[in-house]
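Here's the structure we're looking at; comments come further down.
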Ligand code: CUA
């Protein structure tokens, strides 16, 4: 027992073993950390810089984590108080100025260095955008994203945007209601949508494909479902999409009615003038090519419904909630943002689509 009770004595050999263990654990941690694929594929021109920054953060953080954890574990092993040792603790220590200066100065230098790196990096990748940069207005609301852009003098409003590969884009992000955060993980950059102001970032998509647009700020019941898609394609893909989006609406119902409301178009894009959110942002409907999952899948949920019930569920959604879905996720204002004619057209479109 004699040796065991002499507290606080640690041999040089033990210290050396401890230091060696710290170094081995740090190196192992860094190697494992760098080997893990933390992120999805790189989809923009800034992704490489962001990923490098992540790696630097990891290399700096792992040894600090190992040191803190190691000292705690070592202290528990070597200096914990065993029964009968209560009086061996010695007088309380009231501070050690030298130590305190050291352990304040070192983290300060580390944090300041990383902040400087982050600032330089951000300024570098967010330089004033090039002249030919395409501007996309992004609007977040509970619980959908809407994109608007101007192509050749024509306005496009959509919930499923297509962008051309290797052409710079500036996203100007706003919110209609609460905080959201506009994020496409493959592109890496993320910015909050803040009510009352416009935030922005710019980048150049460098990878073709369909990528998820994610809301990264807890914004309410439907937050987890606030997901849509962006497609990055060739110039030709993009041009075909633009032509499609800006084509004049086909005359509805076979009639010659010039200004007849177009249910398919309302479903796909809503009404930008009145702020009616597109149904396609939240609902799956195979006839409209939408596969969003925030709200019920209309192909199944409203099959067999008559026009009156459909109209009621759009105008006053809280009264007719599908099983498994919560109230107050669907915008309650369609009776105001859509005219009666538009509501009729929308109901007709959905009804014929699901009962084909
Ligand atoms: Cu919008 Cu979370």
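The values are calculated or read from the model by the stated rules, or taken from the named source; none is laboratory data. Since the structure is predicted, the reported quantities are computational estimates derived from the model, not experimental observations. As a convention, Cβ positions derive from the backbone with ideal geometry for all residues, glycine included, and neighbour counts pool all protein chains shown.
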If we only count strands (runs of 3 or more DSSP E) wholly inside the range 58-177, which ones have 1 or more residues that are within 23 Å of residue 193 (Cβ to Cβ) and more than 24 Å from the chain's Cα centre (by Cα)? 144-151, 154-158
Are there any pairs with C-beta distances below 9 angstrom linking a residue in the range 127-143 that is touching a residue at least 24 places away in the same chain (Cβ under 8 Å) and over 21 Å from residue 155 (Cβ atoms) to a residue that is more than 11 Å from the ligand (Cβ to nearest atom) and assigned to a strand (DSSP E or B), with the two at least 6 apart or on different chains, and if so which? 130/202
Would you mind stating whether residue 173 is in contact (Cβ under 8 Å) with a residue 40 or more places away in the chain and surrounded by 19 or more Cβ atoms within 10 Å (Cβ to Cβ)? no
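Here are some residues: 31, 10, 46. Which one is in contact (Cβ under 8 Å) with a residue 12 or more places away in the chain and out of contact with any strand residue (DSSP E or B) (no Cβ under 8 Å at 6 or more places or on another chain)?
Numbers: 31 fails: in contact (Cβ under 8 Å) with a residue 12 or more places away in the chain; 46 fails: out of contact with any strand residue (DSSP E or B) (no Cβ under 8 Å at 6 or more places or on another chain).
Every option except 10 fails the conditions.
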Any idea which of (1) touching a helix residue (DSSP H, G or I) at 6+ places or on another chain (Cβ under 9 Å); (2) within 29 Å of residue 52 (Cα to Cα) is the one residue 181 doesn't satisfy? (1)
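Test residue 203 against the stated conditions and say whether it is touching a helix residue (DSSP H, G or I) at 6+ places or on another chain (Cβ under 6 Å), away from the ligand (no atom under 16 Å from the Cβ) and outside the structural domain of residue 293 (by TED's automatic domain parsing). Before the answer, list the steps.
On the way: touching a helix residue (DSSP H, G or I) at 6+ places or on another chain (Cβ under 6 Å): yes; away from the ligand (no atom under 16 Å from the Cβ): yes; outside the structural domain of residue 293 (by TED's automatic domain parsing): yes.
Judged against the criteria, residue 203 is a match.
Pick from 194, 214, 232: which is within 16 Å of the ligand (Cβ to nearest atom), at pLDDT 95 or above and in the same structural domain as residue 167 (by TED's automatic domain parsing)? So that I can check it myself, show each step before the final result.
Values: 214 fails: at pLDDT 95 or above; 232 fails: within 16 Å of the ligand (Cβ to nearest atom).
Just one listed residue meets the conditions, 194.
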Single unsatisfied condition, residue 154 versus (1) at pLDDT below 95; (2) within 11 Å of the ligand (Cβ to nearest atom); (3) surrounded by fewer than 20 Cβ atoms within 10 Å (Cβ to Cβ): (2)
